[in-house]
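The values are calculated or read from the model by the stated rules, or taken from the named source; none is laboratory data. Small disclaimer: the values here were computed from a predicted structure and weren't measured. In this analysis, Cβ positions are derived from the backbone assuming ideal geometry, glycine residues included, and neighbour counts consider all displayed protein chains. Only protein heavy atoms, including side chains, enter the accessible area calculation; ligands, DNA and RNA are left aside. Shrake-Rupley method; radii C 1.70, N 1.55, O 1.52, S 1.80 Å.
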Amino acid sequence: TEALRKGQTTELWVNGPCMWPWVRNSNRIRVAPLPERVCRGAIVLATDGEHLYAHRVLRIGDDGAVQTRGDLSQTDDLWRSAEQVLGHVIGVRRRGVWWPLGWRVVELFGLGLAPVLRRCRGCIPGW
């Protein structure tokens, strides 16, 4: 996160399935400093003070605070202040290939697909 504060892009390992299918457990993500404006549907790197997580933005407050949720999560995250949002996930590395995630169409598709995935969770073996 120090790199993000300095305006540099950084890479992190993912631990957990909450953003499947876009970001999977053990994938590597590329995180860039926040753009001037965060968009609904973007995947952001945020902190709760103890942990880092990469979740999708559901709502944006007038003060820049965001509410996020993992695509497979059953509940929304607590609102995070603008200072707790550290970066924007712009790519994921899967099987040695980097895939861009910052495309607006992917972000909007993710918003629409996430509720369907949550309903299917448990009815597909291995989830």
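Miscellaneous remarks
- Scanning segment 50-65 for residues that are out of contact with any Asp or Glu (no Cβ under 9 Å at 6 or more places or on another chain) and under 20 Å from P17 (Cα atoms) yields E50, H51, L52, A54.
- Looking across segment 97-123 at every residue that is assigned to a loop (DSSP other than H, G, I, E, B) and open to solvent by 50 Å² or more (accessible area, probe 1.4 Å), the one that is modelled with the highest pLDDT is identified as W103.
- Restricting attention to segment 26-48 and to residues that are open to solvent by less than 70 Å² (accessible area, probe 1.4 Å) and farther than 16 Å from I90 by Cβ, the residue that is modelled with the lowest pLDDT turns out to be D48.
- Members of segment 14-51 that are under 22 Å from E83 (Cα atoms) and either in contact with a helix residue (DSSP H, G or I) (Cβ under 6 Å, 6 or more places away or on another chain) or in a strand (DSSP E or B) (or both): I29, R30, V31, A32, P33, G41, A42, I43, V44, L45, A46, T47
- So T68, is it in contact with an Asp or Glu (Cβ under 9 Å, 6 or more places away or on another chain), surrounded by fewer than 20 Cβ atoms within 10 Å (Cβ to Cβ) and β-branched (V, I, T): no
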